[in-house]
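Asks: Right, I'll just put the structure down here and ask away after.
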Amino acid sequence: LCSACSSRYKNGSTGPPEISESGKFVCEACQRQFDSIGALGGHKRFCDAGTWRCGWCACKHSECSGKGPGPDGPKTLCSACSSRYKNGSTGPPEISESGKFVCEACQRQFDSIGALGGH
């Protein structure tokens, strides 16, 4: 076995990784595709099968620019909420009836939490 397949075997895999019609390696948990088996292996170390949600705004990992620390530990908030947490916020931003994020200081409303953070 090559080193990548040997590693997969040691971790319980019983066969080769799934390969898409376009020749890319497919993650069994989230169906994301990769050009190399090494890239698939690196991804699998952190794959949560799409179940992760920000503890404050409930966005998915695919909807944010990364994960960051929060009051419940590392990688519990999206990067925008984590930035708010690091700057002293103690909870998620207020959301208006129209679904926009509201600035606590001036009450201006924004379409995304990232826009609020940039404000």
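The values are calculated or read from the model by the stated rules, or taken from the named source; none is laboratory data. Note that the structure is a prediction, hence the values are computed from the model and not measured. Every residue, glycine as well, gets a Cβ built from its backbone with ideal geometry; the counts of neighbours run over all protein chains shown. When the accessible area is computed, the model is the full protein with side chains, heavy atoms only, and any ligands, DNA or RNA have been set aside. Shrake-Rupley method; radii C 1.70, N 1.55, O 1.52, S 1.80 Å.
Asks: Limited to segment 36-53, what total is found for residues that are closer than 14 Å to Ala4 by Cα and charged (D, E, K, R)?
Replies: 2
Asks: If I ask for residues that are at pLDDT below 90 and surrounded by 13 or more Cβ atoms within 10 Å (Cβ to Cβ), which ones from segment 108-119 would you list?
Replies: Ser112, Ile113, Gly114, Ala115, Leu116, Gly117
Asks: When both residues are 6+ apart or on different chains and their Cβ atoms are under 9 Å apart, which pairs have a first residue that lies in segment 1-26 and is within 13 Å of Ile37 (Cβ to Cβ), and a second that is open to solvent by less than 30 Å² (accessible area, probe 1.4 Å) and of a type in the set (Ser, Thr, Tyr)?
Replies: Val26/Ser20
Asks: Condition (residue is out of contact with any Leu (no Cβ under 9 Å at 6 or more places or on another chain), among the acidic types (Asp, Glu), open to solvent by 30 Å² or more (accessible area, probe 1.4 Å) and more than 25 Å from Arg32 (Cα to Cα)) applied to segment 60-70: is it met by at least one residue?
Replies: no
Asks: A follow-up question, please. Considering only residues that are free of Cβ contacts under 8 Å to residues at least 12 places away in the same chain, among the charged types (D, E, K, R) and surrounded by 13 or more Cβ atoms within 10 Å (Cβ to Cβ), which ones fall in segment 76-107?
Replies: Answer for segment 76-107, where residues must be free of Cβ contacts under 8 Å to residues at least 12 places away in the same chain, among the charged types (D, E, K, R) and surrounded by 13 or more Cβ atoms within 10 Å (Cβ to Cβ): Glu94, Lys100.
Asks: Considering only segment 1-54, state which residues are open to solvent by 40 Å² or more (accessible area, probe 1.4 Å), part of a helix (DSSP H, G or I) and more than 26 Å from Lys67 (Cβ to Cβ).
Replies: Ser3, Cys5, Tyr9, Lys10 - these are the residues of segment 1-54 that are open to solvent by 40 Å² or more (accessible area, probe 1.4 Å), part of a helix (DSSP H, G or I) and more than 26 Å from Lys67 (Cβ to Cβ).
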